[in-house]
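Peer 1: Handing you this structure, nothing more for now.
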Amino acid sequence: MTRLIKATISSLVAASLTGLIVSSSIPASAAVVERLPDLKMLKPSGLYIQNTTTEKRLRFTTIITNAGTGKFDVRGSRPSTAYSRMSLKQRIYRSDGTYRSISIPTTDSWAFYAGDGHAHWHVYKLQHFTIRPAYADGTYGGVVGRGAKTGFCFRDNTQINLGLPYAPQTPSYTGCGGASSLSIREGLSVGWGDKYSSNLAYQWIKINGLKDGLYRVTARADPGSDYLESNESNNASWVTIRLTGNTVTVI
């Protein structure tokens, strides 16, 4: 009988310990985590030459996309319409729906009302474009031209990969405010991209004086590393081209 009682007690203690172990594992599995965006540039496309009375321009299309697990969300604000710029904050969302805000240094980036015919607010230097010589030995020279466009109203306008986890099937970021706005909300949902077509204002690099030859055209997201994301290694993408007079050939 004593042996039976001892065995019963041992079984109850073991069951209790097992219950404690299982219970203690629940909070770990349900821990709140940050879902970070991942800014990614697709290769420049649709390249062609435009000649004006004073400039020779290399035009191209770019797409910046979010391949992360969380939305890329930027908020701009100004105290009154007397201010021509908005300060910026990035919101980092968590799995429970809460978020924290990161202030972007005003020396690095800000929002401004575009003066290029677009009636909305642009984020300064969210993207950066360059061109540099490409040599036969696989090396590259220094930068010989930079993109004319410095401000970007980024929003969900192109479906890239809506099969990614947490990708919404409809756009969430659709506007960039108006002239009298005191605050703006811009961003990219998971799986969505913002496309800037080659025919848009300032979507070019001035290439006056560049000789015929091989060049690398690079588009880079967040060139100042101002925004928090999960992967910094895929922010840039590029193509190698051959310039021959007014002809562009992608190599």
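The values are calculated or read from the model by the stated rules, or taken from the named source; none is laboratory data. In this text, all values refer to a predicted model and were calculated from it rather than measured experimentally. Backbone-built Cβ (ideal geometry, glycine too); neighbour counts: all protein chains shown. Please note that ligands, DNA and RNA were not included when accessible areas were found on the heavy atoms of the full protein model with its side chains. Shrake-Rupley method; radii C 1.70, N 1.55, O 1.52, S 1.80 Å.
Peer 1: Under the rule a/c < 1.5 gives rounded, and otherwise a/b versus b/c splits prolate from oblate, where does the stretch 124-246 land using the Cα gyration tensor?
Peer 2: It is prolate, given that a/c is not under 1.5 and a/b is the larger ratio.
Peer 1: On a straight-distance basis, which lysines could pair with Lys56 in a cross-link, Cα separation under 25 angstrom, same-chain partners fewer than 8 positions away excluded?
Peer 2: Within the straight-line cut-off, Lys56 pairs with Lys43, Lys125, Lys149, Lys195, Lys206, Lys211.
Peer 1: While we're here: Per residue, how much accessible area does the chain have with a 1.4 Å probe, in Å²?
Peer 2: Ligands and nucleic acids excluded, the result is 52 Å² per residue.
Peer 1: Tell me, how many Å apart are the Cα centres for the stretch 189-238 and for the stretch 125-182?
Peer 2: Value for the Cα centre distance between the two parts: 6 Å.
Peer 1: Tell me the label only: which of (i) 18.4; (ii) 21.4; (iii) 16.0 is mean projected area of the Cα convex hull in nm² as calculated from this structure?
Peer 2: Structure-derived value, by its label: (ii).
Peer 1: Here's something else I'd like to know. Using only protein heavy atoms and a 1.4 Å probe, report how much of Phe60 is accessible, in Å² to the nearest 10.
Peer 2: Answer for Phe60: close to 0 Å² accessible.
Peer 1: Report, to the nearest 10°, how far helix 2-29 tilts away from the longest principal axis of the Cα atoms in the chain, using its own Cα long axis and a range of 0 to 90°.
Peer 2: 20
Peer 1: If you roll a 1.4 Å probe over the chain with all protein chains in place, what percent of the accessible area is carbon or sulfur?
Peer 2: Roughly 54 percent of what the probe reaches on the chain is carbon or sulfur.
Peer 1: Provide the net charge surrounding Gly209, with neighbours chosen by a C-beta distance below 15 Å and charges set as Lys +1, Arg +1, Asp -1, Glu -1.
Peer 2: Residues near Gly209 contribute +4 overall.
Peer 1: Sticking to Cα atoms, compute the Rg of the stretch 178-228 to one decimal and its Dmax as the biggest Cα-Cα distance, whole number, in Å.
Peer 2: Over the stretch 178-228's Cα set, Rg and Dmax evaluate to 16.4, 48 Å.
Peer 1: Let me ask something additional. What are the ³J(HN,Hα) couplings of the stretch 235-244, residue after residue, when phi is run through the Karplus curve with 6.51, -1.76, 1.60 and θ = phi - 60°? Round to Hz, x for glycine and proline.
Peer 2: 6, 10, 9, 8, 9, 9, 10, 10, 8, 9
Peer 1: Another question, if that's okay. What would the Debye formula give as log10 I(q)/I(0) at q = 0.14, 0.25, 0.30 Å⁻¹ for the alpha-carbon point model of the stretch 81-143, no solvent?
Peer 2: Debye output, listed in q order: -0.68, -1.07, -1.22.
Peer 1: Based on the Cβ-Cβ distance from Ile49 to Val143, what FRET efficiency comes out when R0 is 25 Å, to the nearest 0.05?
Peer 2: That gives a FRET efficiency of 0.85.
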